[in-house]
Amino acid sequence: MGRCQSVSSRKIFRRPGARVLPVVAALLAGCASARLARAEILYNPQGWKFPNIITAAKEAIHVSDRTSEIPGKETLNKGYRRTNGTRVMTYEIEGKIFGVDIDEDGKPPFEYGIMDADGDGKFETKIVYAKGNRDHFYVPAWVVDHYFKMHPEVQRGPAGNPAMPNLNAGAIPPPATPAPGKKAAAPAPSPKKKAAPASSRSELANP
């Protein structure tokens, strides 16, 4: 039997096949306010069961921004409703599903989520949401690395800020359009160059 730690109470209790993932627990514990309810982080090296979405009805699909390392809205969210009434939301980037939210009673909000933190195909991290908490799984490093292998032309945002590409970089700015009813100012005449003095015959003969 493994050990499991509750992030909210810090009390240790036992649950078969599960233990706390220290890195994830520390990350979530350090980022959220102490006044907020904390999610319970569980770790199962064998992986938590991934819900069967093959026969589920797809209800929603949209994109979201879940990491500052990738510019723009990089995560594809897909919502499903299974035949037993439960709701599932998957999160993927470039075809790699890294997290799943699960709602067992068929009504919002989601009760828990599972995440593949290391890219081995096992969703070993489970986050049990508490009422009012803001804890959620993050985009793992292996997913971010996969994205930049697929898109080597994209640069990571410096210091966590997305670097959005500038499509007008190097372009000549268009001329200013005059306001309605006003004539455009005539360009200033270019200064006339003074004619160079004629060279004497002695200068031409002795350069």
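The values are calculated or read from the model by the stated rules, or taken from the named source; none is laboratory data. Values in this document were obtained by computation on a predicted structure and should not be read as measured data. Using ideal geometry, Cβ is built from the backbone for each residue, glycine included, and neighbour counts are taken over all protein chains shown.
Just give me the residues in region 128-142 being more than 7 Å from A39 (Cα to Cα) and in contact (Cβ under 8 Å) with a residue 12 or more places away in the chain, in sequence order. Passing the criteria: K131, G132, R134, H136, F137, Y138, V139, P140, W142. Filtered by the rule that a residue be crowded, with 22+ Cβ neighbours inside 10 Å and modelled with pLDDT under 85, region 123-141 gives D135, F137.
Just one of (1) closer than 30 Å to G72 by Cβ; (2) surrounded by fewer than 17 Cβ atoms within 10 Å (Cβ to Cβ); (3) modelled with pLDDT of 70 or more fails for E104. It is (1).
Residue-wise test of (1) within 18 Å of the chain's Cα centre (by Cα); (2) among the polar types (S, T, N, Q); (3) modelled with pLDDT under 95; (4) surrounded by fewer than 16 Cβ atoms within 10 Å (Cβ to Cβ).
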| site | (1), (2), (3), (4) |
| --- | --- |
| A39 | no, no, yes, no |
| N44 | no, yes, no, no |
| W48 | no, no, no, no |
| I53 | no, no, yes, no |
| A57 | no, no, no, yes |
| V63 | yes, no, no, yes |
| P71 | yes, no, yes, no |
| G79 | no, no, no, no |
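E94 falls short on exactly one of the conditions (1) touching a helix residue (DSSP H, G or I) at 6+ places or on another chain (Cβ under 6 Å); (2) among the acidic types (D, E); (3) buried (at least 21 other Cβ atoms within 10 Å of the Cβ), and that condition is (3).
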